[in-house]
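Below is one structure, written out as structure tokens; the observations come after it.
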Amino acid sequence: MRYCLNSLFFLVVVSVSAFGLESKLEVELANIVQKTSKSDTVDYNRLRLDGTFEDQRYDKFFGKLIIDNENIYNISEDKNQNDTEIYRGYISYIDDKYLLNIGKQRIPFGVGRVWNPIDIFNPIDSTAIESDKREGTESIRFEYALGDLSNLDTTISKDKYALRIKGYMDYADTALVVLKDNKNKTDIYGYEISGEFLETGIELRSEGGYKVLQNGKDHFETIVGVEYAFEKPLTILGEYRYRGYDNSNQVAIKGVYEITPLLNGSLLSIYDFEDKSSFTSFGFGYSLADDISVDIGGLFYRGNNFSEFGKFNDSCFVKLLLYF
């Protein structure tokens, strides 16, 4: 797989040179060692090549290609898995009125920080070590500016479709969305809203929708969130989720504190009021240099095997990230 990755990288470099494109290439190395309460130890390594390609003759076009080589070694079971894939790969056209992306891309849907009930493409997984890692979707995304503060966008993929109209109304960004997920046989009629509350620095947000399922279990799902950044380096957010198909009510609280300019800490806690289960994660991140960082943390689950969070195992991790 390393040979395949090197060959693909060589092909990209040759193609860029042949067509006279300007390019910016970055390399990221990530290593995560995770140990679970079942005594499993997993060593995860990722080599990421991140390239942006432009041509001054066609300044409204650019290309993005991110290639990942991932190696997962289960030390406890002596098992190894290696895969190479395109994490992002698309061509983009942008001008004052239009945006067109074609390829494997991140589709931005929803305003939630902990949950994304209307995101059918790549929703947040807050229980993951890398919760900001969002798998791309092979799709065509088109956006048209209706005015200075409003736009219409549509996304078409193999088995998922979305249409959204968005605008700024007085104190908030609002949107109406229609999504169709043929893979999971679900249609969603939803909304997004986010804005600052009376110029207090408090950000309010909500998203949700009515989900129509072919199995007949139609239901409503929504989140409501609030976030505030204090003058001191502390940001706190809270988020509530209601899920209609099982009438569950969950609440999440997250805090991020900048201990020093190089060291920060974070804490996330989620509680399910119905089955009394909970999830808690914490982490500390330290920047050794501009291109080197280290994170340590833990993931803790409470509840029985039939609850929301009780079926998972506690774990701790160390993450090393390097950029070149």
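The values are calculated or read from the model by the stated rules, or taken from the named source; none is laboratory data. Everything numeric here is computed off the predicted structure, so don't read it as measured data. Here the Cβ is made from the backbone with ideal geometry for all residues, glycine too, and neighbour counts use every protein chain on show. These accessible areas exclude ligands, DNA and RNA; they are computed on the full protein's heavy atoms, side chains included. Shrake-Rupley method; radii C 1.70, N 1.55, O 1.52, S 1.80 Å.
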### Task
Kindly state which strands (runs of 3 or more DSSP E) lie completely within the stretch 41-127 and contain at least 3 residues that are on the phi > 0 side of the Ramachandran plot.
none
### Message
So for the stretch 164-185 (the condition being touching a residue at least 12 places away in the same chain (Cβ under 8 Å), farther than 24 Å from Arg106 by Cβ and in contact with a Phe, Trp or Tyr (Cβ under 9 Å, 6 or more places away or on another chain)), does at least one residue qualify?
### Response
yes
### Summary
So, first residue closer than 20 Å to Lys166 by Cβ and among the acidic types (Asp, Glu) in the stretch 111-131, second residue open to solvent by 20 Å² or more (accessible area, probe 1.4 Å) and part of a loop (DSSP other than H, G, I, E, B), Cβ within less than 9 Å, six or more apart or across chains; the pairs are Asp119/Pro108; Asp119/Gly110
### Task
Please give the number of the condition Ile140 fails out of (1) exposed (fewer than 15 other Cβ atoms within 10 Å of the Cβ); (2) at pLDDT 95 or above; (3) under 30 Å from Gly238 (Cα atoms); (4) among the β-branched types (Val, Ile, Thr).
(3)
## Note on the structure
Here the residues within the stretch 187-201 that are modelled with pLDDT under 95, open to solvent by less than 70 Å² (accessible area, probe 1.4 Å) and of a type outside the set (Gly, Ala, Ser) are Thr200
### Query
Among all residue pairs at least 6 apart or on different chains, which show Cβ distances below 6 Å where the first residue, located in the stretch 239-256, is closer than 17 Å to Thr186 by Cβ and the second is of a type in the set (A, V, I, L, M, F, W, C) and part of a strand (DSSP E or B)?
Gly244/Phe220
### Task
Could you list all residues from the stretch 81-100 that are of a type outside the set (Val, Ile, Thr) and more than 18 Å from the chain's Cα centre (by Cα)?
Gln81, Asn82, Asp83, Ser92, Tyr93, Asp95, Asp96, Lys97, Tyr98, Leu99, Leu100
